[in-house]
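Asker: For reference, the structure I am asking about is given below.
The values are calculated or read from the model by the stated rules, or taken from the named source; none is laboratory data. What you are looking at is a predicted structure, and each value in this text was computed from that prediction instead of being measured. Cβ placement follows ideal geometry from the backbone for every residue including glycine, while neighbour counts extend to all protein chains displayed. Side chains included, ligands, DNA and RNA excluded: accessible areas come from the protein's heavy atoms. Shrake-Rupley method; radii C 1.70, N 1.55, O 1.52, S 1.80 Å.
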Amino acid sequence: MYDDTATPTPDENTGPDGVTRRSALRTAGAVGAGLGLGAGGALGAAGTAHAASSRDEAPRRRGKTMANVPFERRSTVRVGMIGLGNRGDGMIDLFLALPNVKVVAVCDPVRAKAEKAAAKVVKAGQPAPAIYAKNEDDYKNLCKRGDIDFVYVATPWDFHYEMCKTAMLNGKHVGVECPLAMRMEELWDLVDTSERTRRHCMQLENCCYGRNEMRVLRMAHAGLFGDLLHGAGAYNHDLRGLMFDPDYYEGPWRRLWHTRLRGDLYPNHGFGPVGNYMDVNRGDRAVSVVSVGSPALGLAEYRKKHMPPGDPSWKESYIESDRTISLVQTAKGRVIRLEHDVSTPHPYSRINSLGGTLGLFEDYPPRIYLEPTNTNDQWDDFKKYAEWDHWLWKEHSNPPGGHGGMDYLMLFRLMQCMQLGLVPDFDVYDAATWTAPVPLSHLSIRAKGAPQQIPDFTRGEWKKARPGVDSEKPKA
Ligand SMILES: NC(=O)c1ccc[n+]([C@@H]2O[C@H](COP(=O)([O-])OP(=O)(O)OC[C@H]3O[C@@H](n4cnc5c(N)ncnc54)[C@H](O)[C@@H]3O)[C@@H](O)[C@H]2O)c1
(Lines give C-alpha, C1' and ligand atoms only; values in the text may rest on other atoms or scores of the structure.)
Protein backbone atom coordinates (compact mmCIF):
# COMPACT_ATOMS: atom_id res chain seq x y z
CA MET A 1 0.00 0.00 0.00
CA TYR A 2 1.17 3.50 -0.85
CA ASP A 3 1.91 5.60 2.21
CA ASP A 4 3.15 9.14 2.03
CA THR A 5 4.03 9.26 5.69
CA ALA A 6 6.20 6.20 6.21
CA THR A 7 9.06 4.29 4.64
CA PRO A 8 7.46 1.58 2.53
CA THR A 9 8.15 -1.96 3.71
CA PRO A 10 9.55 -4.50 1.24
CA ASP A 11 6.02 -5.90 0.81
CA GLU A 12 4.73 -2.50 -0.12
CA ASN A 13 7.30 -2.34 -2.86
CA THR A 14 5.83 -5.34 -4.59
CA GLY A 15 2.64 -5.15 -6.56
CA PRO A 16 0.05 -7.89 -6.20
CA ASP A 17 1.34 -9.60 -9.30
CA GLY A 18 4.92 -9.48 -8.11
CA VAL A 19 5.86 -6.40 -10.14
CA THR A 20 8.36 -4.44 -8.11
CA ARG A 21 8.34 -0.71 -7.73
CA ARG A 22 11.02 1.60 -6.42
CA SER A 23 10.77 3.01 -2.96
CA ALA A 24 11.21 6.75 -2.98
CA LEU A 25 13.39 6.67 0.08
CA ARG A 26 15.60 3.90 -1.23
CA THR A 27 16.08 5.70 -4.53
CA ALA A 28 16.71 9.02 -2.82
CA GLY A 29 19.59 7.27 -1.08
CA ALA A 30 20.71 5.61 -4.29
CA VAL A 31 20.75 8.84 -6.24
CA GLY A 32 22.70 10.52 -3.48
CA ALA A 33 25.02 7.56 -3.04
CA GLY A 34 26.00 7.64 -6.70
CA LEU A 35 27.16 11.20 -6.23
CA GLY A 36 28.81 10.69 -2.88
CA LEU A 37 25.90 12.02 -0.84
CA GLY A 38 24.70 9.31 1.53
CA ALA A 39 21.42 9.25 3.43
CA GLY A 40 23.07 10.96 6.35
CA GLY A 41 24.52 13.62 4.07
CA ALA A 42 23.14 16.91 2.93
CA LEU A 43 20.38 15.46 0.79
CA GLY A 44 19.26 12.98 3.41
CA ALA A 45 19.01 15.69 6.03
CA ALA A 46 17.10 18.02 3.73
CA GLY A 47 14.64 15.30 2.80
CA THR A 48 13.95 14.43 6.43
CA ALA A 49 13.37 18.01 7.46
CA HIS A 50 10.91 18.52 4.65
CA ALA A 51 9.06 15.29 5.28
CA ALA A 52 8.45 16.44 8.83
CA SER A 53 7.35 19.96 8.04
CA SER A 54 5.80 19.84 4.60
CA ARG A 55 2.18 19.73 5.65
CA ASP A 56 2.28 22.84 7.77
CA GLU A 57 4.33 25.73 6.61
CA ALA A 58 7.20 26.31 4.28
CA PRO A 59 10.49 25.06 5.64
CA ARG A 60 13.55 27.27 5.99
CA ARG A 61 14.89 28.45 2.63
CA ARG A 62 17.63 26.10 1.42
CA GLY A 63 18.53 27.74 -1.86
CA LYS A 64 17.99 30.87 -3.87
CA THR A 65 14.65 30.93 -5.64
CA MET A 66 14.29 29.59 -9.17
CA ALA A 67 11.38 31.97 -9.88
CA ASN A 68 12.28 34.32 -12.74
CA VAL A 69 15.58 32.57 -13.44
CA PRO A 70 16.33 32.60 -17.20
CA PHE A 71 17.91 29.76 -19.14
CA GLU A 72 21.41 30.27 -20.45
CA ARG A 73 21.12 31.36 -24.08
CA ARG A 74 22.09 28.63 -26.61
CA SER A 75 21.62 28.50 -30.37
CA THR A 76 20.85 24.77 -30.41
CA VAL A 77 19.20 22.72 -27.68
CA ARG A 78 20.63 19.22 -27.25
CA VAL A 79 18.06 16.80 -25.88
CA GLY A 80 18.33 13.43 -24.13
CA MET A 81 15.11 11.40 -24.00
CA ILE A 82 14.30 8.87 -21.26
CA GLY A 83 11.31 6.58 -21.84
CA LEU A 84 10.18 5.90 -25.39
CA GLY A 85 6.83 4.23 -24.87
CA ASN A 86 3.56 5.66 -26.12
CA ARG A 87 4.28 9.19 -25.02
CA GLY A 88 7.99 9.35 -25.74
CA ASP A 89 7.46 7.84 -29.19
CA GLY A 90 4.98 10.61 -30.02
CA MET A 91 7.02 13.42 -28.51
CA ILE A 92 10.25 12.54 -30.33
CA ASP A 93 8.54 13.41 -33.62
CA LEU A 94 7.83 16.89 -32.26
CA PHE A 95 11.34 17.43 -30.89
CA LEU A 96 12.64 16.47 -34.33
CA ALA A 97 10.21 18.89 -36.03
CA LEU A 98 11.48 21.87 -34.02
CA PRO A 99 14.11 24.28 -35.34
CA ASN A 100 17.59 24.06 -33.80
CA VAL A 101 16.82 21.10 -31.56
CA LYS A 102 18.94 17.95 -31.69
CA VAL A 103 18.15 14.60 -30.05
CA VAL A 104 21.57 13.32 -29.02
CA ALA A 105 20.69 10.35 -26.77
CA VAL A 106 17.73 8.05 -26.17
CA CYS A 107 17.12 5.65 -23.30
CA ASP A 108 14.67 2.81 -22.73
CA PRO A 109 15.40 -0.61 -21.22
CA VAL A 110 13.25 -2.05 -24.01
CA ARG A 111 15.96 -1.88 -26.66
CA ALA A 112 13.55 -2.12 -29.59
CA LYS A 113 11.87 1.11 -28.45
CA ALA A 114 15.18 2.92 -28.06
CA GLU A 115 16.29 1.70 -31.51
CA LYS A 116 13.02 2.79 -33.10
CA ALA A 117 13.54 6.25 -31.64
CA ALA A 118 17.16 6.34 -32.83
CA ALA A 119 16.02 5.45 -36.35
CA LYS A 120 13.61 8.39 -36.31
CA VAL A 121 16.47 10.73 -35.40
CA VAL A 122 18.56 9.49 -38.33
CA LYS A 123 15.57 9.72 -40.68
CA ALA A 124 15.18 13.34 -39.63
CA GLY A 125 18.72 13.99 -40.91
CA GLN A 126 20.46 14.21 -37.53
CA PRO A 127 23.48 12.12 -36.44
CA ALA A 128 22.61 8.76 -34.86
CA PRO A 129 21.95 9.33 -31.15
CA ALA A 130 23.62 7.33 -28.39
CA ILE A 131 21.41 4.50 -27.15
CA TYR A 132 21.08 3.64 -23.44
CA ALA A 133 19.18 0.37 -23.14
CA LYS A 134 21.27 -1.81 -20.82
CA ASN A 135 18.92 -1.80 -17.84
CA GLU A 136 16.61 0.35 -15.69
CA ASP A 137 19.58 2.36 -14.42
CA ASP A 138 21.13 3.22 -17.76
CA TYR A 139 19.37 6.63 -17.71
CA LYS A 140 22.06 7.64 -15.18
CA ASN A 141 24.69 7.25 -17.89
CA LEU A 142 22.62 9.38 -20.27
CA CYS A 143 22.41 12.07 -17.60
CA LYS A 144 26.20 12.04 -17.16
CA ARG A 145 26.87 13.00 -20.80
CA GLY A 146 28.46 16.37 -21.36
CA ASP A 147 26.57 17.18 -24.56
CA ILE A 148 22.98 17.37 -23.26
CA ASP A 149 21.17 20.58 -22.25
CA PHE A 150 17.70 19.22 -21.59
CA VAL A 151 16.49 15.83 -20.38
CA TYR A 152 12.96 14.75 -21.26
CA VAL A 153 11.34 12.08 -19.03
CA ALA A 154 8.32 10.00 -20.12
CA THR A 155 8.51 6.91 -17.94
CA PRO A 156 6.20 5.21 -15.41
CA TRP A 157 5.46 7.51 -12.49
CA ASP A 158 7.67 5.79 -9.92
CA PHE A 159 10.75 6.79 -11.90
CA HIS A 160 9.97 10.48 -12.32
CA TYR A 161 11.45 11.64 -9.04
CA GLU A 162 14.81 9.91 -9.31
CA MET A 163 15.19 10.72 -13.01
CA CYS A 164 14.49 14.44 -12.50
CA LYS A 165 16.85 14.55 -9.58
CA THR A 166 19.63 12.70 -11.38
CA ALA A 167 19.31 14.99 -14.41
CA MET A 168 19.62 18.13 -12.27
CA LEU A 169 22.51 16.76 -10.22
CA ASN A 170 24.30 16.19 -13.52
CA GLY A 171 23.76 19.78 -14.59
CA LYS A 172 20.78 19.32 -16.92
CA HIS A 173 17.46 21.11 -17.09
CA VAL A 174 14.68 18.55 -17.01
CA GLY A 175 11.10 18.34 -18.21
CA VAL A 176 8.91 15.48 -17.03
CA GLU A 177 5.51 14.14 -17.95
CA CYS A 178 2.86 14.36 -15.27
CA PRO A 179 2.79 13.86 -12.36
CA LEU A 180 6.12 15.28 -11.15
CA ALA A 181 6.46 12.68 -8.36
CA MET A 182 4.19 10.67 -6.10
CA ARG A 183 5.17 11.72 -2.57
CA MET A 184 5.35 15.01 -0.73
CA GLU A 185 8.93 14.58 0.40
CA GLU A 186 9.91 13.92 -3.23
CA LEU A 187 8.24 17.15 -4.34
CA TRP A 188 10.14 19.10 -1.72
CA ASP A 189 13.37 17.38 -2.59
CA LEU A 190 12.98 18.33 -6.25
CA VAL A 191 12.29 21.95 -5.26
CA ASP A 192 15.45 21.93 -3.11
CA THR A 193 17.49 20.26 -5.83
CA SER A 194 16.35 22.74 -8.48
CA GLU A 195 17.30 25.64 -6.22
CA ARG A 196 20.62 24.14 -5.22
CA THR A 197 21.72 23.07 -8.72
CA ARG A 198 20.21 26.18 -10.43
CA ARG A 199 18.61 23.82 -12.97
CA HIS A 200 14.97 24.06 -13.99
CA CYS A 201 12.73 21.08 -13.24
CA MET A 202 9.51 21.48 -15.19
CA GLN A 203 6.22 19.67 -15.43
CA LEU A 204 5.47 19.40 -19.13
CA GLU A 205 1.80 20.21 -18.68
CA ASN A 206 0.66 20.29 -22.27
CA CYS A 207 -2.94 21.21 -21.37
CA CYS A 208 -1.74 24.68 -20.36
CA TYR A 209 -1.06 25.19 -24.09
CA GLY A 210 -4.49 24.12 -25.38
CA ARG A 211 -6.09 26.75 -27.62
CA ASN A 212 -9.14 27.24 -25.38
CA GLU A 213 -7.03 27.28 -22.22
CA MET A 214 -4.70 29.94 -23.61
CA ARG A 215 -7.58 32.07 -24.87
CA VAL A 216 -9.36 31.93 -21.50
CA LEU A 217 -6.05 32.72 -19.79
CA ARG A 218 -5.61 35.89 -21.82
CA MET A 219 -9.23 36.93 -21.33
CA ALA A 220 -8.99 36.35 -17.58
CA HIS A 221 -5.83 38.44 -17.33
CA ALA A 222 -7.45 41.20 -19.40
CA GLY A 223 -10.30 41.35 -16.85
CA LEU A 224 -13.13 40.01 -19.05
CA PHE A 225 -14.27 37.70 -16.25
CA GLY A 226 -14.10 40.45 -13.60
CA ASP A 227 -12.68 39.32 -10.29
CA LEU A 228 -12.01 35.59 -10.48
CA LEU A 229 -13.97 33.40 -8.06
CA HIS A 230 -13.91 29.76 -9.06
CA GLY A 231 -12.72 27.28 -11.66
CA ALA A 232 -12.61 23.58 -12.36
CA GLY A 233 -10.37 21.12 -14.16
CA ALA A 234 -10.23 17.38 -14.55
CA TYR A 235 -8.73 14.29 -16.00
CA ASN A 236 -11.89 12.39 -16.80
CA HIS A 237 -10.73 9.92 -19.42
CA ASP A 238 -11.96 6.37 -19.72
CA LEU A 239 -8.67 4.42 -19.71
CA ARG A 240 -10.13 1.01 -18.80
CA GLY A 241 -9.43 -0.57 -22.19
CA LEU A 242 -5.88 0.75 -22.33
CA MET A 243 -5.08 -0.11 -18.72
CA PHE A 244 -6.12 -3.76 -19.26
CA ASP A 245 -4.52 -4.01 -22.72
CA PRO A 246 -1.35 -6.11 -22.23
CA ASP A 247 0.33 -4.43 -25.21
CA TYR A 248 -0.39 -0.75 -24.65
CA TYR A 249 1.65 0.31 -21.62
CA GLU A 250 4.99 -1.30 -20.85
CA GLY A 251 3.60 -3.57 -18.13
CA PRO A 252 0.68 -2.96 -15.76
CA TRP A 253 2.31 -0.01 -13.94
CA ARG A 254 -0.51 2.42 -14.52
CA ARG A 255 -3.32 0.08 -13.44
CA LEU A 256 -1.35 -0.95 -10.35
CA TRP A 257 -1.50 2.59 -8.98
CA HIS A 258 -5.22 1.94 -8.53
CA THR A 259 -4.29 -0.74 -5.99
CA ARG A 260 -1.96 1.58 -4.08
CA LEU A 261 -3.09 5.15 -3.89
CA ARG A 262 -6.49 6.57 -3.06
CA GLY A 263 -7.57 9.72 -4.79
CA ASP A 264 -6.42 11.86 -7.69
CA LEU A 265 -3.50 10.25 -9.52
CA TYR A 266 -3.38 12.89 -12.26
CA PRO A 267 -4.41 16.38 -11.09
CA ASN A 268 -2.03 18.32 -13.34
CA HIS A 269 -4.12 18.47 -16.52
CA GLY A 270 -6.89 20.23 -14.60
CA PHE A 271 -4.90 22.15 -12.01
CA GLY A 272 -2.29 23.59 -14.40
CA PRO A 273 -4.57 25.64 -16.67
CA VAL A 274 -6.94 26.79 -13.91
CA GLY A 275 -4.00 27.62 -11.65
CA ASN A 276 -2.66 29.78 -14.47
CA TYR A 277 -5.98 31.63 -14.87
CA MET A 278 -5.75 32.51 -11.17
CA ASP A 279 -2.02 33.32 -11.16
CA VAL A 280 -1.28 30.56 -8.69
CA ASN A 281 2.38 31.05 -7.62
CA ARG A 282 2.32 34.45 -9.36
CA GLY A 283 0.10 36.53 -7.07
CA ASP A 284 -2.14 33.89 -5.50
CA ARG A 285 -1.37 30.47 -4.08
CA ALA A 286 -3.10 27.17 -3.42
CA VAL A 287 -3.36 26.75 0.34
CA SER A 288 -5.49 23.68 1.04
CA VAL A 289 -7.22 20.73 -0.57
CA VAL A 290 -10.07 18.56 0.60
CA SER A 291 -10.89 15.38 -1.31
CA VAL A 292 -13.68 12.85 -1.33
CA GLY A 293 -13.90 9.73 -3.41
CA SER A 294 -16.56 7.37 -4.73
CA PRO A 295 -16.30 3.60 -4.31
CA ALA A 296 -13.89 1.87 -6.71
CA LEU A 297 -15.99 -0.51 -8.78
CA GLY A 298 -15.20 0.34 -12.40
CA LEU A 299 -11.96 -1.58 -12.91
CA ALA A 300 -13.20 -4.77 -11.23
CA GLU A 301 -16.37 -4.65 -13.31
CA TYR A 302 -14.39 -4.17 -16.52
CA ARG A 303 -12.11 -7.06 -15.56
CA LYS A 304 -15.12 -9.32 -14.97
CA LYS A 305 -16.42 -8.61 -18.47
CA HIS A 306 -13.16 -8.63 -20.43
CA MET A 307 -10.30 -10.47 -18.73
CA PRO A 308 -9.90 -14.26 -18.97
CA PRO A 309 -9.61 -16.34 -15.78
CA GLY A 310 -5.98 -16.61 -14.74
CA ASP A 311 -5.06 -13.15 -16.02
CA PRO A 312 -2.62 -11.57 -13.51
CA SER A 313 -5.08 -8.69 -12.99
CA TRP A 314 -7.37 -11.06 -11.06
CA LYS A 315 -4.95 -10.83 -8.12
CA GLU A 316 -5.49 -7.06 -7.84
CA SER A 317 -7.80 -5.21 -5.42
CA TYR A 318 -8.68 -1.70 -6.50
CA ILE A 319 -9.05 1.01 -3.88
CA GLU A 320 -11.09 4.18 -4.07
CA SER A 321 -11.88 6.05 -5.89
CA ASP A 322 -13.42 5.74 -9.31
CA ARG A 323 -14.17 9.44 -9.17
CA THR A 324 -12.20 11.70 -6.87
CA ILE A 325 -13.45 15.24 -6.35
CA SER A 326 -11.10 17.71 -4.68
CA LEU A 327 -11.66 21.31 -3.69
CA VAL A 328 -8.60 23.54 -3.59
CA GLN A 329 -8.81 26.90 -1.85
CA THR A 330 -6.44 29.71 -2.71
CA ALA A 331 -4.99 32.44 -0.50
CA LYS A 332 -7.41 34.89 -2.13
CA GLY A 333 -10.31 32.60 -1.22
CA ARG A 334 -10.97 31.31 -4.73
CA VAL A 335 -12.09 27.72 -5.22
CA ILE A 336 -10.75 25.20 -7.75
CA ARG A 337 -12.61 21.92 -8.21
CA LEU A 338 -10.51 19.03 -9.50
CA GLU A 339 -11.89 15.71 -10.74
CA HIS A 340 -10.18 12.47 -11.63
CA ASP A 341 -11.88 9.47 -13.20
CA VAL A 342 -10.18 6.99 -15.52
CA SER A 343 -12.14 3.87 -14.57
CA THR A 344 -15.77 4.40 -15.61
CA PRO A 345 -17.47 4.92 -18.99
CA HIS A 346 -17.71 8.58 -20.03
CA PRO A 347 -16.66 10.88 -22.87
CA TYR A 348 -13.32 12.63 -22.36
CA SER A 349 -13.44 15.88 -20.39
CA ARG A 350 -11.00 18.16 -18.62
CA ILE A 351 -13.99 20.33 -17.56
CA ASN A 352 -11.88 23.49 -17.87
CA SER A 353 -14.14 26.16 -16.41
CA LEU A 354 -13.60 29.61 -14.99
CA GLY A 355 -16.04 31.90 -13.22
CA GLY A 356 -15.78 35.48 -12.04
CA THR A 357 -17.91 38.46 -11.14
CA LEU A 358 -18.65 39.11 -14.83
CA GLY A 359 -19.46 35.59 -15.98
CA LEU A 360 -18.43 32.06 -16.76
CA PHE A 361 -16.61 29.87 -19.31
CA GLU A 362 -17.15 26.13 -19.49
CA ASP A 363 -15.48 23.70 -21.88
CA TYR A 364 -16.52 20.30 -23.32
CA PRO A 365 -18.14 21.80 -25.34
CA PRO A 366 -16.84 25.37 -25.08
CA ARG A 367 -19.44 27.97 -24.13
CA ILE A 368 -19.35 31.33 -22.47
CA TYR A 369 -21.57 33.83 -20.69
CA LEU A 370 -20.10 37.27 -19.96
CA GLU A 371 -21.77 40.49 -18.93
CA PRO A 372 -22.41 42.99 -20.39
CA THR A 373 -22.59 41.08 -23.72
CA ASN A 374 -24.75 38.26 -22.36
CA THR A 375 -27.80 39.04 -20.29
CA ASN A 376 -30.46 36.60 -21.54
CA ASP A 377 -29.53 33.48 -19.57
CA GLN A 378 -28.25 31.74 -22.77
CA TRP A 379 -24.74 30.43 -23.42
CA ASP A 380 -22.84 32.30 -26.12
CA ASP A 381 -20.45 31.02 -28.80
CA PHE A 382 -16.81 30.94 -27.63
CA LYS A 383 -15.64 31.26 -31.27
CA LYS A 384 -16.61 34.95 -31.08
CA TYR A 385 -13.61 35.49 -28.81
CA ALA A 386 -10.95 34.24 -31.28
CA GLU A 387 -9.26 37.63 -31.20
CA TRP A 388 -8.09 36.71 -27.68
CA ASP A 389 -6.02 33.76 -28.93
CA HIS A 390 -2.51 33.63 -27.51
CA TRP A 391 0.23 34.68 -29.91
CA LEU A 392 1.45 31.09 -30.12
CA TRP A 393 -1.91 30.05 -31.57
CA LYS A 394 -2.01 33.03 -33.92
CA GLU A 395 1.39 32.05 -35.30
CA HIS A 396 0.74 28.30 -35.44
CA SER A 397 -2.88 27.89 -36.44
CA ASN A 398 -2.41 24.22 -37.34
CA PRO A 399 0.41 22.80 -35.18
CA PRO A 400 1.59 19.22 -35.86
CA GLY A 401 1.25 16.30 -33.46
CA GLY A 402 -1.40 14.96 -31.12
CA HIS A 403 -3.73 16.52 -28.56
CA GLY A 404 -4.90 19.20 -30.99
CA GLY A 405 -1.44 20.75 -31.29
CA MET A 406 -0.86 21.70 -27.66
CA ASP A 407 2.04 19.24 -27.30
CA TYR A 408 3.91 20.94 -30.12
CA LEU A 409 3.22 24.46 -28.87
CA MET A 410 4.42 23.56 -25.38
CA LEU A 411 7.68 22.17 -26.75
CA PHE A 412 8.08 24.99 -29.28
CA ARG A 413 7.78 27.58 -26.52
CA LEU A 414 10.07 25.71 -24.11
CA MET A 415 12.78 25.29 -26.74
CA GLN A 416 12.35 28.94 -27.71
CA CYS A 417 12.91 30.00 -24.10
CA MET A 418 16.05 27.85 -23.95
CA GLN A 419 17.37 29.22 -27.26
CA LEU A 420 16.71 32.87 -26.43
CA GLY A 421 17.77 32.65 -22.79
CA LEU A 422 14.32 33.50 -21.42
CA VAL A 423 12.62 32.62 -18.13
CA PRO A 424 10.56 29.44 -18.66
CA ASP A 425 6.77 29.81 -18.59
CA PHE A 426 6.57 27.32 -15.67
CA ASP A 427 9.05 26.12 -13.07
CA VAL A 428 9.61 23.65 -10.26
CA TYR A 429 7.15 25.50 -7.99
CA ASP A 430 4.35 25.06 -10.52
CA ALA A 431 5.30 21.42 -11.00
CA ALA A 432 5.20 20.71 -7.25
CA THR A 433 1.97 22.66 -6.72
CA TRP A 434 0.09 21.01 -9.58
CA THR A 435 1.21 17.58 -8.32
CA ALA A 436 0.61 18.14 -4.59
CA PRO A 437 -2.99 16.83 -4.78
CA VAL A 438 -1.59 13.35 -5.57
CA PRO A 439 -0.33 12.65 -2.03
CA LEU A 440 -2.74 15.08 -0.39
CA SER A 441 -5.95 13.69 -1.93
CA HIS A 442 -4.84 10.25 -0.71
CA LEU A 443 -4.35 11.62 2.81
CA SER A 444 -7.61 13.57 2.74
CA ILE A 445 -9.67 10.58 1.63
CA ARG A 446 -7.97 8.36 4.19
CA ALA A 447 -8.81 10.97 6.84
CA LYS A 448 -12.47 10.93 5.73
CA GLY A 449 -12.36 14.27 3.94
CA ALA A 450 -10.11 16.21 6.33
CA PRO A 451 -8.52 19.26 4.64
CA GLN A 452 -4.79 19.05 3.90
CA GLN A 453 -2.46 22.05 3.73
CA ILE A 454 -0.74 22.59 0.39
CA PRO A 455 2.78 23.78 1.22
CA ASP A 456 4.08 27.05 -0.13
CA PHE A 457 6.76 25.55 -2.35
CA THR A 458 7.76 29.06 -3.47
CA ARG A 459 8.62 30.03 0.12
CA GLY A 460 6.88 33.37 -0.18
CA GLU A 461 7.72 34.23 -3.81
CA TRP A 462 4.10 33.60 -4.80
CA LYS A 463 3.17 37.06 -3.56
CA LYS A 464 5.05 38.68 -6.46
CA ALA A 465 3.24 38.94 -9.78
CA ARG A 466 5.33 37.56 -12.66
CA PRO A 467 4.71 36.31 -16.18
CA GLY A 468 3.90 32.67 -16.86
CA VAL A 469 2.22 30.90 -19.75
CA ASP A 470 0.52 34.20 -20.68
CA SER A 471 3.79 35.31 -22.27
CA GLU A 472 4.68 38.21 -24.54
CA LYS A 473 5.96 37.22 -27.96
CA PRO A 474 9.77 37.59 -27.78
CA LYS A 475 11.28 40.34 -29.92
CA ALA A 476 14.39 38.47 -31.06
N1 LIG B 1 0.81 14.80 -21.15
C2 LIG B 1 0.12 13.88 -21.79
O3 LIG B 1 -0.80 14.18 -22.53
C4 LIG B 1 0.50 12.44 -21.62
C5 LIG B 1 -0.05 11.47 -22.46
C6 LIG B 1 0.34 10.13 -22.26
C7 LIG B 1 1.23 9.80 -21.27
N8 LIG B 1 1.74 10.77 -20.47
C9 LIG B 1 2.71 10.46 -19.42
O10 LIG B 1 3.89 9.94 -20.05
C11 LIG B 1 4.52 8.99 -19.19
C12 LIG B 1 4.71 7.68 -19.93
O13 LIG B 1 3.45 7.15 -20.28
P14 LIG B 1 3.30 6.14 -21.50
O15 LIG B 1 1.86 6.09 -21.84
O16 LIG B 1 4.27 6.46 -22.56
O17 LIG B 1 3.72 4.76 -20.81
P18 LIG B 1 4.45 3.51 -21.51
O19 LIG B 1 4.34 2.39 -20.56
O20 LIG B 1 3.91 3.33 -22.89
O21 LIG B 1 5.95 4.01 -21.68
C22 LIG B 1 6.84 4.12 -20.63
C23 LIG B 1 8.21 3.80 -21.18
O24 LIG B 1 9.19 4.01 -20.16
C25 LIG B 1 10.12 2.97 -20.28
N26 LIG B 1 10.84 2.80 -19.03
C27 LIG B 1 10.47 2.12 -17.92
N28 LIG B 1 11.45 2.17 -16.99
C29 LIG B 1 12.46 2.90 -17.54
C30 LIG B 1 13.75 3.27 -17.09
N31 LIG B 1 14.19 2.93 -15.88
N32 LIG B 1 14.53 4.00 -17.91
C33 LIG B 1 14.09 4.38 -19.14
N34 LIG B 1 12.87 4.04 -19.62
C35 LIG B 1 12.07 3.30 -18.83
C36 LIG B 1 9.30 1.75 -20.65
O37 LIG B 1 10.09 0.71 -21.21
C38 LIG B 1 8.33 2.36 -21.66
O39 LIG B 1 8.84 2.31 -22.97
C40 LIG B 1 3.62 8.91 -17.96
O41 LIG B 1 4.10 9.79 -17.01
C42 LIG B 1 2.28 9.37 -18.46
O43 LIG B 1 1.50 9.89 -17.42
C44 LIG B 1 1.40 12.08 -20.65
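Asker: Under a crude label model (7 Å from the Cα following the beta-carbon direction), how far is Lys463 from Asp93 in nanometres?
Answerer: Each label point is offset 7 Å from its Cα along the Cβ direction, giving 4.8 nm.
Asker: So, for the chain, what is the accessible surface per residue at a probe of 1.4 Å, expressed in square angstrom?
Answerer: 39
Asker: Between Gln378 and Ala300, what length comes free when the chain is fully extended (0.36 nm per residue of separation minus the Cα-Cα distance, one decimal in nm)? Don't skip to the end; give the middle numbers.
Answerer: Details: separation 78, 0.36 × 78 = 28.08 nm, distance 4.11 nm.
Between Gln378 and Ala300, full extension yields 24.0 nm more.
Asker: Then there's this: Name the shape class, rounded, prolate or oblate, that the alpha-carbon gyration tensor gives for the chain, where a ≥ b ≥ c are the square roots of its eigenvalues, rounded holds for a/c under 1.5, and otherwise prolate holds if a/b is larger than b/c and oblate otherwise. Could you put the intermediate results ahead of the total?
Answerer: On the way: a/c = 1.29, a/b = 1.12, b/c = 1.15.
Rounded, since a/c falls under 1.5.
Asker: Next question, about the same structure. Roughly speaking, what is the centre-to-centre gap between the range 164-212 and the range 234-293 when only Cα atoms are used, to the nearest Å?
Answerer: 16
Asker: Return the whole-Å distance between the Cα centroid of the range 347-364 and the Cα centroid of the range 117-160.
Answerer: Taking the Cα centre of the range 117-160 as reference, the centre of the range 347-364 is 38 Å away.
Asker: Hey, can you grab everything whose amide H is under 5 Å from the amide H of Lys332? Only 5+ residues off in sequence or another chain; H modelled, so Pro and N-termini drop out.
Answerer: Under 5 Å from the amide H of Lys332 lie the amide H atoms of Arg285, each far enough along the sequence or on another chain.
Asker: Then there's this: What does the extension gain come out to for Gln453 and Asn398, with contour length at 0.36 nm per residue minus their alpha carbon separation?
Answerer: Working: separation 55, 0.36 × 55 = 19.80 nm, distance 4.11 nm.
Full extension of this stretch gives 15.7 nm more.
Asker: Rounded to the nearest percent, how much of the accessible area of the range 296-391 (1.4 Å probe, protein heavy atoms only) is carbon and sulfur?
Answerer: Of the solvent-accessible surface of the range 296-391, carbon and sulfur hold 55 percent.
Asker: Label-point separation (nm) for Asp227 and Val122, each offset 7 Å from Cα along Cα-to-Cβ?
Answerer: Reported label-point gap for Asp227 and Val122 is 6.3 nm.
Asker: Among Tyr132, Tyr161, what's the order by accessible area (1.4 angstrom probe), most exposed first? Spell out each step's value before the answer.
Answerer: Values: Tyr132 35, Tyr161 10 Å².
Per-residue accessible area, sorted high to low, gives Tyr132, Tyr161.
Asker: While we're here: Using a Förster radius of 35 Å, what is the FRET efficiency between Lys134 and Glu472 based on their Cβ-Cβ separation? Nearest 0.05, please.
Answerer: It comes out at approximately 0.20.
Asker: With a 10 Å radius around each residue's Cβ, average the other Cβ atoms per peptide and rank 299-312, 101-114, highest first.
Answerer: The most tightly packed comes first, giving 101-114, 299-312.
Asker: What residues of the range 151-184 lie in the reach of a label at Glu72, counting those whose backbone N is under 11 Å from a point 7 Å from the Cα along Cα→Cβ?
Answerer: Hits in the range 151-184 for Glu72 at 11 Å: 171-173.
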